[in-house]
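Here the structure is laid out as structure tokens; the discussion comes afterwards.
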Amino acid sequence: MNKNILITGASGAFGALTCKTLTQNGYQVVGTMRSAKGKNEAIAQELKSAGVKIVEMDVTDESSVNKGVDQAIALLGGLDVVFNNAGVGANGIQELFTAEDLQLVFDVNVFGVQRLMRAVLPHFRAQGRGTILHTSSCIGRVTTPFLSVYSASKYALESLAEGYRAELSGFGIESCIIEPGGMPTGFMGTMLSPSDSARTGYESMAGMPEVALNGYVQYVESIPEQRPQKIADVVLDLLNLPHGEKPFRTVVDFSGLKAPIEHYNSVLDQTTRQIYTANGVEGLLALNKA
């Protein structure tokens, strides 16, 4: 069983709950966050009290990532699973986001994942085994107004995960995606807004992004099962499955998105297999369990 786990974004709802849930079920967990002080001090102390080991890691800084991974491996005595969970959201009219705004979002949600993978994968390949979990989103499969910048980063993450799935299968390394629907967490309230407030032309729509987001939050809050603990439960369930038998994508949603997104995923999986077969590389979709 995979017992040593590194979880990024441990200060957020998904990360903190997953850290605690896995620790309560006998796993050894390192939770990372940019800083264990300031606004994160309370949750860092709460996680430490629950038995989680805290490592400071800034996923936008390569040296911080490399140092954090080394610390995690030393604290745990090894590493079996990485949960790429750190993320930042964005909500607003797309044209008003500058290129620099997009870089901020992608630096965490996409480049941060790549930094962590480059730090972790030599260790996984050397031991011939490992499990990678990624937090994507149901809107990493479809795009909705005002959230398109965030969606774009999750589309990119999904593509990275697809590539790693194939390129790592021969090393016995699993790559899996978790696709949550929107959950009533603090994440919704900390989304990046466009920095270009001077550009004109959208005055009639100016308040729509906030209204739409607040309406959606109220909607998901009204659904009892649509809670972040469900993500932690799914991670636990996935890790309890035998190596090589985990589904590539798992949708976690109770708001009505689950069935259509799963259908979308099923069609994509069939198409992917057809393309791989046509190119003679279908074997890359089978995990080496040796």
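The values are calculated or read from the model by the stated rules, or taken from the named source; none is laboratory data. Note that the structure is a prediction, hence the values are computed from the model and not measured. Heads up, the Cβs are rebuilt from the backbone with ideal geometry, glycines too, and the neighbour counts pull from every protein chain shown.
Residues of the range 196-233 that are in contact (Cβ under 8 Å) with a residue 40 or more places away in the chain, more than 23 Å from LEU17 (Cα to Cα) and part of a helix (DSSP H, G or I): MET205, MET208, PRO209, GLU210, ALA212, LEU213. Pull up the range 235-247, narrow it to residues that are aliphatic (A, V, I, L, M) and crowded, with 18+ Cβ neighbours inside 10 Å, then point me to the one that is nearest to THR131 (Cα to Cα). Once the filter is applied, the top-ranked residue is LEU239. For the range 172-198, a residue qualifies if it is of a type in the set (Val, Ile, Thr) and under 20 Å from GLY9 (Cα atoms), and the qualifying residues are ILE177, ILE178, THR185, THR190.
Okay, residues lined up against (1) modelled with pLDDT of 95 or more; (2) among the charged types (D, E, K, R); (3) under 24 Å from PHE248 (Cα atoms):
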site	(1), (2), (3)
ILE43	yes, no, no
ASP70	yes, yes, no
GLU95	yes, yes, no
VAL108	yes, no, yes
ARG118	yes, yes, yes
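Residues in the range 237-248 that are within 18 Å of the chain's Cα centre (by Cα) and assigned to a loop (DSSP other than H, G, I, E, B): LYS246, PRO247, PHE248. Scanning the range 249-290 for residues that are aromatic (Phe, Trp, Tyr) and either in contact with a Cys (Cβ under 6 Å, 6 or more places away or on another chain) or part of a helix (DSSP H, G or I) (or both) yields a count of 2. Across the range 248-289, the number of residues qualifying as loosely packed, with under 13 Cβ neighbours inside 10 Å, under 14 Å from SER175 (Cα atoms) and modelled with pLDDT of 95 or more comes to 0.
Checking the range 270-279 against the condition returns a match, with at least one residue being over 17 Å from GLU158 (Cβ atoms) and among the β-branched types (Val, Ile, Thr). Looking only at the range 162-190, residues that are in contact (Cβ under 8 Å) with a residue 60 or more places away in the chain, assigned to a helix (DSSP H, G or I) and within 24 Å of GLN226 (Cβ to Cβ) come to 4 in all. Take the residues of the range 195-228 that are among the β-branched types (Val, Ile, Thr) and surrounded by 13 or more Cβ atoms within 10 Å (Cβ to Cβ): which is farthest from LYS258 (Cα to Cα)? Here the answer is VAL217.
Assess whether PHE171 counts as being more than 26 Å from ILE275 (Cα to Cα) and either aromatic (Phe, Trp, Tyr) or in contact with a strand residue (DSSP E or B) (Cβ under 7 Å, 6 or more places away or on another chain) (or both). Answer is no for this residue. Of all the criteria given as (1) more than 30 Å from GLY170 (Cβ to Cβ); (2) touching an Asp or Glu at 6+ places or on another chain (Cβ under 9 Å), the one not satisfied by THR144 is (2). Reported count of residues in the range 180-230, each being aliphatic (A, V, I, L, M) and touching a Leu at 6+ places or on another chain (Cβ under 7 Å), is 2.
Checked against the criteria, TYR155 counts as outside any loop (DSSP other than H, G, I, E, B), modelled with pLDDT of 95 or more and surrounded by fewer than 20 Cβ atoms within 10 Å (Cβ to Cβ).
One line per residue, one yes/no per condition, for (1) under 19 Å from the mean Cα position of the chain (by Cα); (2) surrounded by fewer than 19 Cβ atoms within 10 Å (Cβ to Cβ):
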| position | (1), (2) |
| --- | --- |
| GLN24 | no, yes |
| TYR27 | no, no |
| LYS37 | no, yes |
| GLN71 | no, yes |
| ALA74 | no, yes |
| GLY77 | no, yes |
| PHE97 | no, no |
| GLN103 | yes, yes |
| ASP107 | yes, yes |
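Each residue in the range 114-144 was checked for being closer than 22 Å to LYS67 by Cα and of a type in the set (Val, Ile, Thr), and 3 of them qualify.
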